[in-house]
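The values are calculated or read from the model by the stated rules, or taken from the named source; none is laboratory data. On a predicted model such as this, the values are computed, not experimentally measured, just so you know. Cβ placement follows ideal geometry from the backbone for every residue including glycine, while neighbour counts extend to all protein chains displayed.
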Amino acid sequence: MIHTITPQQLHERIRSGATVRLIDVRTPVEFQEVHVQAARNVPLDQLDPASLARERSTAEGAPLYVICRSGSRGRQACEKFEQSNTPNVFNVEGGTQACIEAGLPVVRGRATISLERQVRIAAGALVLAGAVLSWLVHPAFLGLSAFVGAGLVFAGVTDTCGMGLLLARMPWNRLRNPASCSVN
């Protein structure tokens, strides 16, 4: 079972001076754009629960909080922690977006295109290309549009987006100086 915490509860813990281990699992570029002050960036595709659990062993029993943009990737990260038998892990409900909407303090950097928008752009472009190519070149290109449509249905049903995971690895979603995105 995945445990959750509201942005307000997390903010209260940070304000109270409690040690808060907050892992932001978005891409480094998304993290650089805006993140909760106490967050440390560990992208979902690089998340190693065992390694983070070893780091955490000095503060036995201290909770580990996971955040992303809206909660979906955070839940996936929590599932990884759960599979590795890491206790006391909480997903921040609604993610960074909910923290911003609640007026909680965040660190803002340079604006970028979110991974979610990148997926919509790529999926739309592929569907359009499939439709145009099927009209101009050969009807078999409708298969491209059907493949992307099936992928979107799968992503909606499972809340896991293969295209998003692929786009997260693209060079424009990486920082040239990754050390600049981590906050300890």
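General remarks:
- Test result for Val119, in the same structural domain as Leu10 (by TED's automatic domain parsing) and either crowded, with 18+ Cβ neighbours inside 10 Å or part of a helix (DSSP H, G or I) (or both): no
- When region 128-161 is limited to residues that are of a type in the set (Val, Ile, Thr) and surrounded by 12 or more Cβ atoms within 10 Å (Cβ to Cβ), the one that is nearest to the chain's Cα centre (by Cα) turns out to be Thr160.
- Taking residues in region 41-60 that are closer than 13 Å to Gln76 by Cβ, and partners anywhere that are assigned to a loop (DSSP other than H, G, I, E, B) and at pLDDT 75 or above, the pairs with Cβ atoms closer than 6 Å and at least 6 places apart or on different chains are Pro43/Thr27; Leu44/Val25; Pro49/Ser84; Pro49/Thr86.
- Residue, surrounded by the fewest Cβ atoms within 10 Å (Cβ to Cβ), within region 1-22, restricted to residues that are touching a helix residue (DSSP H, G or I) at 6+ places or on another chain (Cβ under 7 Å) and hydrophobic (A, V, I, L, M, F, W, C): Ile2
- Entirely in region 1-43, the strands (runs of 3 or more DSSP E) that have 3 or more residues that are under 13 Å from Ile67 (Cβ atoms): 21-24, 34-36, 39-41
- Selected residue [surrounded by 18 or more Cβ atoms within 10 Å (Cβ to Cβ), touching a residue at least 12 places away in the same chain (Cβ under 8 Å) and outside the structural domain of Met163 (by TED's automatic domain parsing)] from Ile100, Ile67: Ile67
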